[in-house]
Structures are given as structure tokens and as C-alpha cells.
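Here the structure is laid out as C-alpha cells; the discussion comes afterwards.
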Amino acid sequence: MYFLILIAFALLPTAFTASIVSRSQSYPLTSRSLGPTTNLTITNKVIAPDGFSRSTTLAGGTFPGPLIRANKGDHFAINVVNKLDDDSMLKSTSVHWHGLFQNETNNADGVSFVTQCPIAQNGSFLHSFDVPNQAGTYWYHSHYSTQQCDGLRGPLVIYDPNDPLSYLYDIDDENTVITIADWYHIVAPVLRHIIGVNANSTLINGLGRYTSGPKSELAVVNVEYGKRYRLRLVGMSCNPSFTFSIDGHNLTVIEADGILTEPLLVDSLQIFAGQRYSVVLAADKPVDNYWLRALPSTVNSTFIGGLNSAILRYKGAPAADPTTNHTNSTMPMLEVNLHPLINPGAPGVPEYGRADINLKLVANNTGGVFSINGVVYKPPTVPVLLQILSGAQDATDLMPSGDVIVLEANKVVELTMVTGGFGAPHPIHLHGHAFDVVQSGGSSAFNYLNPVRRDVVSSGGEDQQMIIRWVTDNSGPWFLHCHIDWHLDAGFAIVMAESPSETRKHLKGLPTAWDNLCPIYNSLTPSQLGAVNSYEEAANITSLLLPN
């Protein structure tokens with residue numbers, strides 16, 4: 001049923017800042033990063049990351065947005081400033097800090113209609129939160145409809161000065177962050193109405209090529225022979241997964257979604273939307289150029305003409321395209337082979353169905369619309385957090401009806417998800433927690449002893465199941481959803497309301513600016529919201545449309 005609208009997948013460009021080498025004049029690359037206390041200004045801008053010019057929604061004026069970097073234990077104070085003005089796209093916004101637990105600061109999670117109302121045009125909101133016990137690779141993105149697919153995505157890294165695996169690598173800085181994203185030539189408010197959208201290109205750190213497009217510059221990751229690099233891979237996809245590899249080089253996985261893993265040697269890995277990995281690359285091959293590849297899961301994807309590719313360039317190699325050949329993977333990463341380095345083991349009794357709370361969610365698809373246990377998620381008009389603070393405590397009192405599950409405090413939850421209909425596998429993300437993957441999608445094995453711990457997991461294929469466990473130690477409403485933005489927007493989501501009776505006292509406090517977000521947003525006219533004629537524009541492209 002997938003309608004292949006814009007098939008061309010491009011290429012995977014560069015390493016993040018000074019290490020980027022590009023002669024492209026269409027998209028100026030800047031060498032910069034931001035600290036944990038900063039303004040993050042959201043604007044519209046015309047860019048051509050794959051050679052095709054289009055207006056976009058960007059953080060800091062670039063795609064990807066600027067790297068936000070901090071050290072373990074730092075306080076974050078990020079002021080999101082909305083300067084959007086393009087009528088073809090959404091003009092309100094929100095920003096989610098993906099993978100950060102927001103313990104005691106649920107109101108700073110940045111999820112439209114779950115933890116806040118969107119930030120209106122010419123408004124701003126200060127996200128103030130602590131991250132006392134997390135370090136690793138994260139990212140930020142819009143959590144307002146499908147806005148992130150128009151470009152509002154960027155990496156966030158928290159460095160640990162006492163990283164127990166630092167002995168494995170020599171270099172870990174802005175230059176070793178690699179973002180992998182899909183890219184679209186039509187604005188997201190139009191595409192969100194169409195069933196089965198495919199991207200035009202793949203971008204690595206903001207550069208790529210599309211089928212039948214110009215030979216745009218590819219990103220270049222610069223390395224020096226004899227050194228070991230911690231490459232932080234950030235899956236910023238709106239839809240496909242990517243298979244990442246570098247010709248002639250093995251990789252050692254040491255992190256999954258902000259959680260250190262026992263080192264695992266692989267020659268390729270699949271990264272789903274929202275996932276992150278750290279891999280150690282030993283630059284121990286002959287000085288030359290090597291293709292860096294990220295093949296999307298889209299049908300008929302190819303590397304021909306530099307699509308879905310970037311360049312690994314050793315110091316001393318000429319500025320030229322590689323001539324290396326792609327070979328079949330013989331050591332692909334399997335999720336079941338990943339194990340946490342620290343405190344392994346799923347919580348609770350190590351038997352299926354023996355958790356304190358046992359949930360089964362069945363996801364399905366009918367005509368492009370997704371449901372969980374028969375209910376299609378529709379964002380409520382009043383954010384769930386505001387409902388809880390206003391006195392709603394029970395699932396029957398919370399909107400959207402049937403889409404909120406109330407969980408008791410300090411309980412072990414075991415969640416089994418089964419997916420039917422087209423679109424699988426789905427990357428499933430839980431806010432506010434990392435979870436132990438007791439059963440990986442597509443695997444028949446259970447592991448309570450040392451399963452991978454992460455915050456985005458594949459659901460597996462159609463009619464397969466995935467099982468995760470976590471502890472309800474973080475009061476507040478937390479979103480559980482498919483991280484394919486088109487699927488989330490079409491109803492693939494549910495809210496876990498964790499101990500709502502304790503949420504108010506669990507919060508550090510609510511700023512007046514948070515209280516003001518909803519009255520301002522609710523007063524906006526259709527023209528102030530933007531993308532007024534998006535459904536009609538989608539109807540001009542295809543008849544395979546979701547309900548308006």
C-alpha cells in the first residue's frame with residue numbers, strides 16, 4: 001500500500017564541524033556548537049542540502065541544527081525562540097530533548113499536547129532542567145505534528161569526563177558526531193496527508209544527493225592514520241532505518257541510546273529512527289578515501305552515483321571520490337548481542353508475565369490510520385500534564401479517551417507490543433525512561449539477565465512481538481509512540497501517565513511562561529498556525545490520502 005511518491009535517496013555526508021570538507025556553495029557549513037545554556041532560535045530558511053532548493057524549518061539556521069554539548073551533571077537552560085514566518089509550513093513549534101529523562105521536569109519534555117502547548121510565532125519558552133546521571137549521545141527535534149521532517153532536528157551530546165570506555169578511543173569531539181537523516185522536497189504539512197511517503201534523499205550531517213539530481217558535494221569525515229575515533233551516530237530519520245557501514249573498516253559498538261554497552265565488533269549496523277550508537281573506528285587502513293554508507297530501508301535504494309553515501313578521508317589522501325567497493329556484511333550488529341556495561345539485568349521477577357504491571361499493546365493499521373488496542377491517538381486540546389495538574393487522575397478522566405494508561409508508582413512494567421498491518425518494523429520510543437529489551441522484535445529469545453537497555457526499539461516485523469521492562473520511578477505523563485513521524489501523526493501513540501497523584505509534588509515547579517503557552521496558542525487564527533491549504537495541495541499530488 002505504500003505509495004512511492006518521491007523515490008530518490010541521496011547520500012550521506014560529513015562529520016560535524018571543522019572536519020567537514022565541502023566545496024558546495026548552496027549550503028554554507030559553519031563550525032560551531034552550543035553549550036547547555038543558550039538560545040535556540042527556530043526560523044525558516046531556503047537551503048539546498050542535496051542540490052534541491054526549498055524552504056525549511058531549522059534550529060539555528062542550519063541542517064542539522066547546531067550540536068548542543070554539555071558535560072555530565074550540567075544544568076540545561078535552553079530558550080527556544082520561535083521566529084517562523086513561512087505560511088506553507090507550521091508556524092508554531094515545540095522542541096523535545098530526546099532520551100533525557102526529565103525527572104522532576106516533565107513540563108520541559110517539549111511534547112506538544114502531552115507536556116505543553118506549542119510555542120506560538122514570536123514567542124519563546126525556556127526549557128530548564130538537570131541531567132544529573134546521564135551521559136551519551138542524544139538529539140533534539142520538533143515534537144509538533146510532522147514539523148521535524150521540515151528540518152528541525154539536531155544532535156545533543158553529554159560528555160562524561162570519567163567515561164569507563166575512554167581507553168578504547170583517542171578522539172571524541174564535535175568532529176565525530178555523524179547525523180543520518182531522510183530529506184523531502186515537499187513540505188511536511190502536505191506530505192502528512194499522504195499515505196506512504198518516501199524521502200527524496202539521505203543526508204549525513206546535512207549533505208546528500210537525490211536520483212537524477214546534480215552531483216552535489218558529499219560530506220567528508222576526516223581521520224588520521226593510527227588514531228581511534230568515537231563516532232556518534234544519530235538516527236534523525238522521519239521514516240526509514242539505515243544500514244551503516246564504512247568500506248574496509250570494522251566498528252566497535254560501545255553505546256546504544258545513551259547507555260554504554262559491552263564492546264561489540266561489527267562491520268555494519270541498522271539504525272532506526274530516533275536511535276543512536278557510538279562506534280569506535282580504528283583508522284588503521286592504507287591512506288585513501290573510503291565510502292561511508294547508510295542504505296535506507298526504502299525499496300530499490302542504491303549507492304549508484306554517490307546516493308546514500310559520504311566519504312571517509314584519511315589525512316594525506318587526495319580530495320577525490322573513493323573507488324572502494326561495497327561488500328556484503330559478514331558481522332552485522334544484532335540487537336540481542338548488545339549488553340549494558342553497567343548494572344545489567346531487567347528489573348523484577350525474571351519470567352514473562354511476572355512483572356507488577358503487565359501490558360499488551362496491539363498496533364494495527366487500517367487505510368493508513370494507526371491504532372493501539374483499537375484506539376487512534378488524537379492530540380487532546382488540553383495537554384495531559386495540564387489535565388493532571390487540574391485534578392484528573394484516572395484514565396477515564398484523561399483525554400484523549402482510551403489513549404492514556406495510568407501506572408502506579410515504583411512498579412515494574414512489562415510491555416508486550418504486537419504490530420499488524422503495513423509499515424512494520426516500527427521504532428518504538430518511550431519518553432522519561434530507558435527500558436530493558438527483554439525480547440527484541442523478530443527474535444524468539446527472552447533475556448532478563450543482561451538485555452540491551454535503550455529508549456528506542458524496533459517492534460519487529462508484521463505480527464511479531466517486542467517486550468520491554470522499566471520501573472515507574474518518574475511521575476508524569478510520558479509519550480510512547482512510533483518514531484516514524486508519519487505514523488505518529490496518523491495515530492500510532494499512547495500516553496503513560498505515571499503516578500498522576502504524585503505529579504504535582506514531583507515537579508520542581510512550573511514557570512509562568514509554561515502556564516501562558518496554552519492561552520496564547522489557543523487564540524491563534526488558522527493563518528497564524530500556517531499550512532492552511534495543505535490538504536488541498538496533497539490532493540493535487542495523489543488520491544491516496546489520510547482522512548482530513
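The values are calculated or read from the model by the stated rules, or taken from the named source; none is laboratory data. Predicted, not measured: the structure shown is a model, and the values here were computed from it. Every residue, glycine as well, gets a Cβ built from its backbone with ideal geometry; the counts of neighbours run over all protein chains shown. The protein model used for the area step is the full one, side chains on, heavy atoms only, and it has no ligands, DNA or RNA in it. Shrake-Rupley method; radii C 1.70, N 1.55, O 1.52, S 1.80 Å.
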I'd like to check which strands (runs of 3 or more DSSP E) are fully inside segment 165-269 and have at least 2 residues that are farther than 25 Å from Pro286 by Cβ. 177-183, 201-204, 228-235, 251-256, 259-266
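Hey, any hits in segment 87-94 for a residue that's more than 24 Å from Gly235 (Cα to Cα) and open to solvent by less than 10 Å² (accessible area, probe 1.4 Å)?
Step one: filter segment 87-94 for residues more than 24 Å from Gly235 (Cα to Cα), giving 87-88, 91-92.
Going one step further and asking which of them are open to solvent by less than 10 Å² (accessible area, probe 1.4 Å), we end up with 92.
Checked segment 87-94: at least one residue is more than 24 Å from Gly235 (Cα to Cα) and open to solvent by less than 10 Å² (accessible area, probe 1.4 Å).
Yes or no: segment 151-159 includes at least one residue that is surrounded by fewer than 24 Cβ atoms within 10 Å (Cβ to Cβ) and out of contact with any helix residue (DSSP H, G or I) (no Cβ under 6 Å at 6 or more places or on another chain). Break it down stepwise before answering.
Here is the first cut: in segment 151-159, the ones surrounded by fewer than 24 Cβ atoms within 10 Å (Cβ to Cβ) are 158-159.
Pick out the ones that are also out of contact with any helix residue (DSSP H, G or I) (no Cβ under 6 Å at 6 or more places or on another chain) and you get 158-159.
Yes, that holds for at least one residue.
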Test: residue in segment 113-124 that is under 18 Å from Gly154 (Cα atoms) and either touching a Lys or Arg at 6+ places or on another chain (Cβ under 9 Å) or surrounded by fewer than 24 Cβ atoms within 10 Å (Cβ to Cβ) (or both): no
Give segment 307-321 a look and list any residue that's farther than 18 Å from Leu203 by Cβ and either among the small types (Gly, Ala, Ser) or under 24 Å from the mean Cα position of the chain (by Cα) (or both), or say none. Gly316, Ala317, Ala319, Ala320
Strands (runs of 3 or more DSSP E) (entirely within segment 295-378) containing at least 1 residues that are basic (Lys, Arg) and either without any contact (Cβ under 8 Å) to a residue 12 or more places away in the chain or more than 25 Å from Gln439 (Cα to Cα) (or both): 309-314
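Residue by residue, here is whether (1) free of Cβ contacts under 8 Å to residues at least 60 places away in the same chain; (2) open to solvent by 30 Å² or more (accessible area, probe 1.4 Å); (3) more than 30 Å from Pro161 (Cβ to Cβ) holds:
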position	(1), (2), (3)
Ile42	no, no, yes
Pro49	no, no, yes
Phe52	no, yes, yes
Lys83	yes, yes, yes
Considering segment 270-281 alone, what residues qualify as being within 19 Å of Val336 (Cβ to Cβ), open to solvent by 10 Å² or more (accessible area, probe 1.4 Å) and either assigned to a strand (DSSP E or B) or hydroxyl-bearing (Ser, Thr, Tyr) (or both)? Gln270
Subset of segment 469-485 (residues that are under 13 Å from the mean Cα position of the chain (by Cα) and over 21 Å from Pro383 (Cα atoms)): Ile484
Right, Thr542: polar (S, T, N, Q), open to solvent by less than 20 Å² (accessible area, probe 1.4 Å) and outside any helix (DSSP H, G or I) or not? yes
Among all residue pairs at least 6 apart or on different chains, which show Cβ distances below 8 Å where the first residue, located in segment 511-524, is open to solvent by 70 Å² or more (accessible area, probe 1.4 Å) and at pLDDT 95 or above and the second is of a type in the set (Gly, Ala, Ser) and not in a helix (DSSP H, G or I)? Ile520/Ala120; Ile520/Gly123
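Quick one: which residue in Leu231, Leu265, Leu251 is among the hydrophobic types (A, V, I, L, M, F, W, C) and surrounded by fewer than 23 Cβ atoms within 10 Å (Cβ to Cβ)? Break it down into steps so the answer makes sense when it comes.
Values: Leu231 fails: surrounded by fewer than 23 Cβ atoms within 10 Å (Cβ to Cβ); Leu251 fails: surrounded by fewer than 23 Cβ atoms within 10 Å (Cβ to Cβ).
Of the residues listed, the single one that is among the hydrophobic types (A, V, I, L, M, F, W, C) and surrounded by fewer than 23 Cβ atoms within 10 Å (Cβ to Cβ) is Leu265.
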Can you pull out every residue in segment 353-396 that is buried (at least 21 other Cβ atoms within 10 Å of the Cβ), of a type in the set (A, V, I, L, M, F, W, C) and over 25 Å from Leu517 (Cβ atoms)? Ala355, Ala363, Phe370, Ile372
What's the number of the only condition in (1) more than 22 Å from the chain's Cα centre (by Cα); (2) in a helix (DSSP H, G or I) that Leu488 fails to meet? (1)
For segment 122-142, indicate whether the set of residues that are closer than 18 Å to Gly65 by Cβ and part of a loop (DSSP other than H, G, I, E, B) is non-empty. no
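Could you say which residue among Val404, Val384, Val413 is touching a residue at least 40 places away in the same chain (Cβ under 8 Å), touching a Lys or Arg at 6+ places or on another chain (Cβ under 9 Å) and not acidic (Asp, Glu)?
On the way: Val404 fails: touching a Lys or Arg at 6+ places or on another chain (Cβ under 9 Å); Val384 fails: touching a Lys or Arg at 6+ places or on another chain (Cβ under 9 Å).
Only one candidate passes the filter, namely Val413.
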So which pairs qualify, if the first residue must be in segment 480-506 and over 24 Å from Asn548 (Cβ atoms) and in contact (Cβ under 8 Å) with a residue 12 or more places away in the chain, the second must be buried (at least 24 other Cβ atoms within 10 Å of the Cβ) and among the polar types (S, T, N, Q), the Cβ gap must be under 6 Å, and the two must be at least 6 apart or on different chains? Glu498/Ser475; Ser499/Ser475; Glu502/Ser475; Thr503/Ser475; His506/Ser475
Could you say whether any residue in segment 413-425 is surrounded by fewer than 24 Cβ atoms within 10 Å (Cβ to Cβ), hydrophobic (A, V, I, L, M, F, W, C), within 23 Å of the chain's Cα centre (by Cα) and within 18 Å of His143 (Cα to Cα)? no
The number of residues in segment 58-117 that are of a type outside the set (A, V, I, L, M, F, W, C) and not in a loop (DSSP other than H, G, I, E, B) is 13
Between Val157, Val114, Val80, which is closer than 30 Å to Val279 by Cα and touching a strand residue (DSSP E or B) at 6+ places or on another chain (Cβ under 6 Å)? Val157
Residue that is farthest from Ala188 (Cα to Cα) [pool: residues in segment 525-539 that are open to solvent by less than 70 Å² (accessible area, probe 1.4 Å) and assigned to a loop (DSSP other than H, G, I, E, B)]: Thr525
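Restricting to segment 493-526, name every residue that is of a type in the set (Gly, Ala, Ser) and farther than 18 Å from Cys117 by Cα. First the steps, then the outcome.
Keep residues of segment 493-526 that are of a type in the set (Gly, Ala, Ser), which gives 493, 497, 499, 501, 509, 513, 523.
Once the filter is applied, which keeps residues that are of a type in the set (Gly, Ala, Ser) and farther than 18 Å from Cys117 by Cα, segment 493-526 yields Ser499, Ser501.
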Where Thr472 falls short, out of the listed (1) open to solvent by 10 Å² or more (accessible area, probe 1.4 Å); (2) in contact (Cβ under 8 Å) with a residue 24 or more places away in the chain: (1)
